[in-house]
Amino acid sequence: MTSDPVTIGAQSPTSTDVVAEAGRIATEVAAVHAADVDRDARFPHEAVAALRQAGLLGAWIPTELGGLGADVVQIGLACEELAKGCASTAMIFAMHQIQVGCLVHHGRTPYLQELMRRIAAEQLLVGSATTEMGIGGDVRRSLCHVDRSEDGTFELVKKAPVISYGVEADLIFVTARKDAEAVESDQVLVVCEKEDLTLEPLGDWDTMGFRGTCSPGFVLTARSHQDRIFPDDYADLSARTMLPVAHSLWSSCWLGLAEGATAVARGVVRQAARRSGQLPPVTGLRLAELEVVLEAFRARVHAATVGYREVEPTSQAATLMGRAIGYNTLKVYSAETVVDVVAKALLIVGIAGYRRTGAVSLDRQLRDAYGAQLMVNNDRILGNTAQLELIYKG
């Protein structure tokens, strides 16, 4: 069942308003419900409804297809704003936009073009199933395959340890081998609409952090038409779009999480200074040191989204090995730095930040931060980067 259509009227944000609108939703909606979402490990219905009402699920879709015509830089800044209020909401928005980016850059067929119009008009939420049991978290390999029939239909069965907000998604983009004879790395990306699939639960979602993303495992079974299959090989689609966009937007979320924790620390230092009439000597110094780390973090993430925007996805430059190495290292750097920043902020805030409740608690932020290194695991990305370095001649 898909979501009810949402009317995108004159009050909806243009591409230049996307970031400001995300900031408003972060403050007025996402942050208000963040503690409750985290405590109950529930989907952030209120924040996602606000994103829909503002038309932001179609932010990246071109205006001629009914979207807001934003680019990856604005999408990244929107992720950053949302993460200041609720990292789970930001991550859902980012994972949705990663799939939408694949549509925007690779959705050339009539069905995929119409799908973009539907996402913009109905504000459909797109999830993904790219990992599979039995391959150790390697998103560039699949055991399942697309079983194609002569009548133009297909069947697909995938045992996925994680499906992004699978129950809540209106569409799920699934990786699989292109047919039964294909090797594990010969993959395609398949659109599975809610009415064409079944999800058999494999477990629950009771994690330390990012609890609101509600992404347990399922056995996914889909039966539909072959026009749901992206025309580009997944290897090419991943190199040009999926990998750099994922690492950029995830990093934008983690940057926003770090900025939110720093804002708490900054407020504590300023309040202490107002009480005593002078800057606290130890925490003031720690805050200054934290700003150095945060500014470098911000510069690197912003440079990554700008760099992606400046390369045409269809060009040879989009598949250069050095580019893949750069986005791999961005993900590892961001996933490690967000933990460093939140931990430094916790030292500044002190015991009040260590409490699980209260206005300056950093409990949720610290738990969320540690999840960054596991999405996709940093060790796997480092191993892939090491292999690329053996043949890279840049």
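The values are calculated or read from the model by the stated rules, or taken from the named source; none is laboratory data. Keep in mind that what you see is a predicted model, and the values were worked out from it rather than measured. Backbone-built Cβ (ideal geometry, glycine too); neighbour counts: all protein chains shown. Quick note on the areas: whole protein, heavy atoms, side chains included, nothing else; ligands and nucleic acids left out. Shrake-Rupley method; radii C 1.70, N 1.55, O 1.52, S 1.80 Å.
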- Query: Since residue 361 meets every condition but one in (1) of a type in the set (S, T, N, Q); (2) touching a helix residue (DSSP H, G or I) at 6+ places or on another chain (Cβ under 7 Å); (3) free of Cβ contacts under 8 Å to residues at least 40 places away in the same chain; (4) open to solvent by 60 Å² or more (accessible area, probe 1.4 Å), which condition does it not meet?
  - Reply: (4)
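Based on what the data block shows, is residue 146 closer than 30 Å to residue 384 by Cα, open to solvent by 40 Å² or more (accessible area, probe 1.4 Å) and at pLDDT 95 or above?
Numbers: closer than 30 Å to residue 384 by Cα: yes; open to solvent by 40 Å² or more (accessible area, probe 1.4 Å): no; at pLDDT 95 or above: yes.
When the stated conditions are applied, residue 146 does not pass them.
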- Message: Quick check on the stretch 106-128. Is at least one of its residues open to solvent by less than 50 Å² (accessible area, probe 1.4 Å), of a type outside the set (Lys, Arg), within 30 Å of residue 47 (Cα to Cα) and at pLDDT below 95?
- Response: no
- Item | Among the candidates 204, 233, 196, residue that is more than 22 Å from residue 30 (Cα to Cα), touching a Pro at 6+ places or on another chain (Cβ under 9 Å) and among the acidic types (Asp, Glu) | 204
- Query: When only residues in the stretch 371-389 that are within 30 Å of residue 283 (Cβ to Cβ) and either touching a helix residue (DSSP H, G or I) at 6+ places or on another chain (Cβ under 6 Å) or β-branched (Val, Ile, Thr) (or both) count, which is least open to solvent (accessible area, probe 1.4 Å)?
  - Reply: 372
- Within the stretch 155-175, which residues are in a strand (DSSP E or B) and open to solvent by 10 Å² or more (accessible area, probe 1.4 Å)? 155, 157, 159
- Note on the structure: Residue count, the stretch 50-96, condition polar (S, T, N, Q) and either in a loop (DSSP other than H, G, I, E, B) or under 25 Å from residue 264 (Cα atoms) (or both), comes to 3
- Query: Restricting the search to the stretch 25-66, which residues are open to solvent by 10 Å² or more (accessible area, probe 1.4 Å), under 17 Å from residue 100 (Cα atoms) and not hydroxyl-bearing (Ser, Thr, Tyr)?
  - Reply: 52, 60, 62, 64, 65, 66
- Being assigned to a strand (DSSP E or B) and of a type in the set (Ser, Thr, Tyr) narrows it down to one of 207, 221, 131, so name that one. 221
